[in-house]
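The structure under discussion appears below in the form of structure tokens.
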Amino acid sequence: MTDLIERPSTEAVPGHGAPTHGDDDHAHGGDHEHHGPSGILKWLTSTDHKVIGINYTVTSIVMMVIGGAFAEVIRAQLVSPTNTLVTFQQYNQLFTMHGSVMIYLFVGPFAFAGLANYLVPLQVGAPDMAFPRLNALSYWLYLSGSITMLLGFFVTGGPAAFGWVGYAPLTSAINAPGAGPDLWIGALMLTGFSAIFSGVNLIATIFYLRAPGMTLFRMPIFTWNMLVTGILILLAFPVLTAGLVMLYCDRHFGTHIFEVQGGGVPLLWQHIFWFWGHPEVYILALPFFGMVTEVIPTFSRKPLFGYKGMVFATLTIAALSLGVWAHHMFTTGAVLLPFFSIMSLLIAVPTGIKIFNWIGTMWGGNLVFSTAMLMAIGFVVTFLIGGITGIYLASPPLDFFTHDTYFVIAHFHSVVMALTLGAFAGIYFWFPKITGKMLHEGWGKAQFWLLFIGTQVFTVPLYIVGLHGMPRRMAVYPNNPSWQNLNEWSSVGALMIGISTLLFVVNVIQAYRKPIPAGDNPWDASTLEWFTSSPPPHHNFVSLPPIRSERPVWDYNHPDAPALAHGHHETATPPAAPAEQEAHA
Amino acid sequence: MKQESVILLLLGVFFGFIGVVYWGWGHEDGGGIMLLGAFLLGMLPGFYYLWWYRKSGGNRPEDRDDATVADGAGVVDAFPSTSIWPFVLGSGCFFIVLALTFGTWLLVPGVGLLLSALIGATAESRRGGNV
């Protein structure tokens, strides 16, 4: 089935009321009243970016729950020094699969494929992604990769046990025999191609399908971040995929690329892996930077402070991220310490610009502490903790001291838990747009406080125990009361995080059992996705507003508000809170 | 399209610069080659877009500050609303990857699904529809 899609030919007129979305009389060209298959057939055959985005989002959240369950078992094992809840090998498998599921199957796909799939075409005024069938293929490869990775639990010998980074020679056929490691490699190949296709689609959509007047420097920051993420994906993921092919050849075809015995270089794997792995950190982070950059101005009732600064900070982070890969390899003694240390420290500058811009946006604003805003503030605070401790690790002498200790685990988890807070900021912000229903603010705020406090209770003891020298990836540890106490606190934090996730599930069930209609724009937000109905019709728009700034929907809904020019940030009169917000406050 | 090309070219120039510094300083081939690849991945599409911008001789409505909705009116493209072939192709890839672990016999359904998807998607494209 093919739809010939036309853009609307007339503009919605500011000050003349909201357009009647979904009304067939307003359809211009394309079949906005879509009568395609339903049920399972819709799920299997849809090429609509919104359906695919929801598929990605739901699947990745399921992966988060699975990966989170692994984490809870790990933390239960570490509650006492010589616990026997799991064997050493099972512990190795658990931390490998926890990291792999969370990094490869949750954080990245949720952001650059889930919400981005749903939102980028809407934010640029496009009817769909540029390559809808390639987009659907990306999802099926991602789902296949997820199943392939989890299949490791059902084969003899169990799943991979060499850590999510798969260092050589731990991954050799001798050190890691069995089907589990091969399934891990296969899963990463499938999800890697899925990511590459998503990157191609994001870039093509943003370059070719923007609405008239939507110049690059009028795009929402989330879309900007997704463009840069797409570029990073294309630079980084092919390197990992090539490395995986080499690894598979080492294991099965007698090559010795990463094996010393045949003249290979194990350290080459680390170069290849981290050439993907450090940009990957920003492939994971940039989408969430984008999400909170949409949330904070909306709930500060102000334009974003420093729009162009944000864009250039994003581009700078992306550029620098390709030159820092070996800061993960300082203790190998075989990398250029000054080069990688300088490049790593430089990343703090654009990241700092972003943090100051978020604070500058809130400064003097009329703050509305919705769940999305709380999650966004929680993101900024937690990311700041993770970022500052990352600066320590960029310094070789400090890195030598803390390498492979729980300090590194704590730093990394401050960062990824910040991303999780950012993810929930995005979910609470866009859930009304995606479903047409509001999430309950009371449940949401309870979830936020449990998640935010739980994150700090989880990570702060790990920083301390790491500085005391506790090594990572150990199922047991010396019988030291101080270490045990700190580990107990960390496990309590992990439990709080787990319970907070359950509150979210309850909130979603509640939203469907007792739905409260969201309306088209419940937050009085300013970007283009809020101009169409909730949920949007097939091919998204029946009409478009004139686009004269990076806040076209604000301009449309508030024609008497001061015009927004770059670098000119006037605080407009805060609008009355929509009725839906009142109902949920 | 000019701004898009400038962004890609600047990224390419940066990767080229740090590639030269890195390789000249550390003489480490693996990282040097990967930075060379990054340099090319910035420059090649960057120059293509620049060439394309100059050849097309002007700004598109989405590149103009003053463009109106009417300027961009008309057919965007033909978009497939539904297609089973991505699912079939993904399933084929799934079986091929499983064949790497569980045995080459899985290549039979894998390659079969892959070929049928390629033929089906191609036939679907001939009837009209984006990739």
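Nothing in this text is a laboratory measurement; each read-out follows from the coordinates by a stated rule. Everything numeric in this text was worked out from a predicted model, so none of it was measured. Every residue, glycine among them, receives a Cβ derived from its backbone with ideal geometry; neighbour counts consider all protein chains shown.
Run the numbers on region A:51-162 and let me know its relative contact order in percent, using alpha-carbon pairs under 8 Å that are six or more apart. List each step's numbers first, then the result.
On the way: 101 pairs, mean separation 44.7, N = 112.
It rounds to 40 percent for region A:51-162.
Let me confirm one metric for peptide A:332-345, namely the mean number of other chain beta-carbon atoms within 10 Å of its residues' beta-carbons.
Values: counts 0, 0, 2, 3, 7, 1, 2, 7, 3, 0, 0, 3, 0, 0.
Whole-number average of other-chain Cβ neighbours for A:332-345 is 2.
How charged is the neighbourhood of residue A:535? Take every other residue with its Cβ under 12 Å from the Cβ of residue A:535, and add Lys/Arg as +1 and Asp/Glu as -1. Kindly include the intermediate steps, with their values, before the conclusion.
On the way: positive: A:50, A:433, A:437; negative: A:48, A:520, A:529.
The answer is 0.
Can you give the Rg/Rh ratio of region A:410-568, where Rg is from the C-alpha atoms and Rh is the Kirkwood radius? Intermediate values should be presented prior to the final figure.
Working: Rg = 21.9 Å, Rh = 18.9 Å.
Across region A:410-568, the Cα-based Rg/Rh ratio is 1.16.
If the viscosity is 1.306 mPa s and the temperature 10 °C, what Stokes-Einstein diffusion coefficient in µm²/s follows for chain A when Rh is the Kirkwood radius over Cα pairs?
Working: Rh = 24.6 Å.
The Stokes-Einstein estimate is 64 µm²/s.
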**OP:** Pull up all non-local amide H partners of residue A:405: gap of 5 or more, or a different chain, and H-to-H distance under 5 Å with H placed in the peptide plane.
**Re:** A:472
**OP:** Taking the Cβ of residue A:259 as the centre, find all other residues whose Cβ is under 11 Å away and add up their charges (Lys, Arg: +1; Asp, Glu: -1).
**Re:** 0
**OP:** Would you grab the residues whose amide H sits under 5 Å from the one on residue A:544? Only those 5+ places off in sequence or on another chain, please, with H modelled 1.01 Å from N.
**Re:** A:12
Original post:
What are the ³J(HN,Hα) values, in whole Hz, obtained from phi via the Karplus relation 6.51 cos²θ - 1.76 cosθ + 1.60 with θ = phi - 60°, for each residue of region A:474-490 in sequence order, with x given for Gly and Pro?
Top reply: 10, 6, 10, 8, x, 6, 10, x, 5, 5, 5, 4, 5, 5, 4, 4, 4
Subject >> Under the Karplus curve 6.51 cos²θ - 1.76 cosθ + 1.60, θ = phi - 60°, whole-Hz ³J(HN,Hα) for region B:33-48, x wherever Gly or Pro sits >> reply: 5, 5, 5, 4, x, 5, 4, 5, 5, x, 6, 4, x, x, 5, 4
**OP:** Would you kindly state the longest site-free stretch of chain A, with sites defined as chymotrypsin sites (Phe, Trp or Tyr not before Pro) in a DSSP loop (not H, G, I, E, B) surrounded by at most 12 other Cβ atoms within 10 Å?
**Re:** A:1-252
Original post:
Which shape class, rounded, prolate or oblate, goes with chain B when its Cα gyration tensor gives a ≥ b ≥ c as root eigenvalues, a/c under 1.5 marks rounded, and past that a/b bigger than b/c marks prolate?
Top reply: oblate
**OP:** May I ask you to evaluate 6.51 cos²θ - 1.76 cosθ + 1.60, the Karplus curve with θ = phi - 60°, for each residue of region A:77-90 and list the ³J(HN,Hα) values in order in whole Hz, giving x for glycine and proline?
**Re:** 4, 8, 5, 10, x, 10, 4, 10, 4, 10, 6, 4, 5, 4
**OP:** For residue B:77, enumerate residues with amide H under 5 Å from its amide H, sequence gap 5+ or separate chain, H modeled in the peptide plane.
**Re:** A:5
Original post:
residue A:50: which lysines have alpha carbons under 26 Å from its alpha carbon, excluding same-chain residues fewer than 8 sequence positions away?
Top reply: A:42, A:433, A:437, A:514
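Before anything else, pin down the relative contact order of chain A: Cα pairs under 8 Å, at least 6 apart, normalised by residue count, whole percent. If you can, show how the numbers build up before the last one.
On the way: 1017 pairs, mean separation 110.7, N = 585.
For chain A, the relative contact order is 19 percent.
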